[in-house]
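In what follows, a structure is listed as structure tokens, so that the remarks can point back to it.
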Amino acid sequence: MAVLNINIPYLSESFYTSIAAKQNEDMIKTVIRPKFGKYINNISNLTGVPVEIIESFIFIESGGIENSKSKYATGLMQLNGATASDVLVKEKGADRLQVGETALVKKYLGSRYSFIEKVKPKQVSIGKTFVTDSDLLKPEFNILIGSILIGQLISEFTEKGVLRLDKVIAIYNGGRFSKSSKKVIQFKGNTKELLTQVPKETSDYIKKLAGTNGVLDSIV
């Protein structure tokens, strides 16, 4: 099948066995969808990011544990305040923040939405973190920001009409400003070649999400 005009699985390499893939599918269908499906479906409609893509990132990032915290990231889609703030500024600066998205952001940020209101066209950062970890522990808000970020990456890495899902995943995993991501942004080779150029964690992430028996392959 196809999602975003790309065939799934996106690559032939596997991380998961077929047994693990079935377990992953069951986890999404019995845990993530019942708990967060309403949010995911609504945010998918708002952002244009397919439900299956959102579910796949949630599964790999947190396993559907909404209060999940690591050293650098928080919540279902494992984001930090600086990244979340920049995502919102960039979306506003690109004039892409839709009415429904704006309503949700205002719902959670309240008076802090004023930071976004001041954003100028084409602005990508204000150099200030106004999104907190407490904000990111709220599932609906976390999913919204993660999905907006994915949407930005999808737009950026659709090359000659073809989505480079491998690059979207790699940069989401590594962070836009990491040494690895800077290399990915400039990379001209194919996916198999890219897998050899990124850290093992990132290579495995690409296989987990987009490979044969990957999460996306299991639920599409």
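Descriptive notes on the structure:
- 28 Å Cα-Cα threshold exceeded, pairs from Lys38/Lys107; Lys118/Lys167; Lys128/Lys182; Lys107/Lys179: Lys118/Lys167; Lys107/Lys179
- Taking the empirical scaling 2.2 N^0.38 Å for compact globular proteins as reference, the chain has a Cα radius of gyration ratio of 0.98.
- Separation of the Asn41 and Ile185 label points, Cα + 7 Å toward Cβ, nm: 3.8 nm
- Helix 139-156 and the longest principal axis of the Cα set of the chain meet at an angle near 70°.
- Dipole axis of segment 2-213 (+1 Lys, Arg; -1 Asp, Glu on Cβ), positive-most option in Leu4, Gly110, Ala210: Gly110
- Computed per residue of the chain from DSSP H runs no shorter than four, each worth -39500 (n - 2.57), the mean residue ellipticity at 222 nm is -16500 deg cm²/dmol.
- Cross-link table Lys22/Lys71; Lys35/Lys138; Lys92/Lys138, entries beyond 23 Å C-alpha to C-alpha: Lys22/Lys71
- When the chain is treated as a GNM with alpha-carbon contacts under 10 Å, the residue of Gly189, Gly151, Gly37 showing the greatest mean-square fluctuation is Gly189.
A short reminder: the numbers here are calculations on the coordinates, not readings from a lab. Bear in mind the structure is a predicted one, so any value in this text is a computation, not a measurement. Neighbour counts are summed over all protein chains in view; Cβ atoms, including those assigned to glycine, are modelled from backbone coordinates with ideal geometry.
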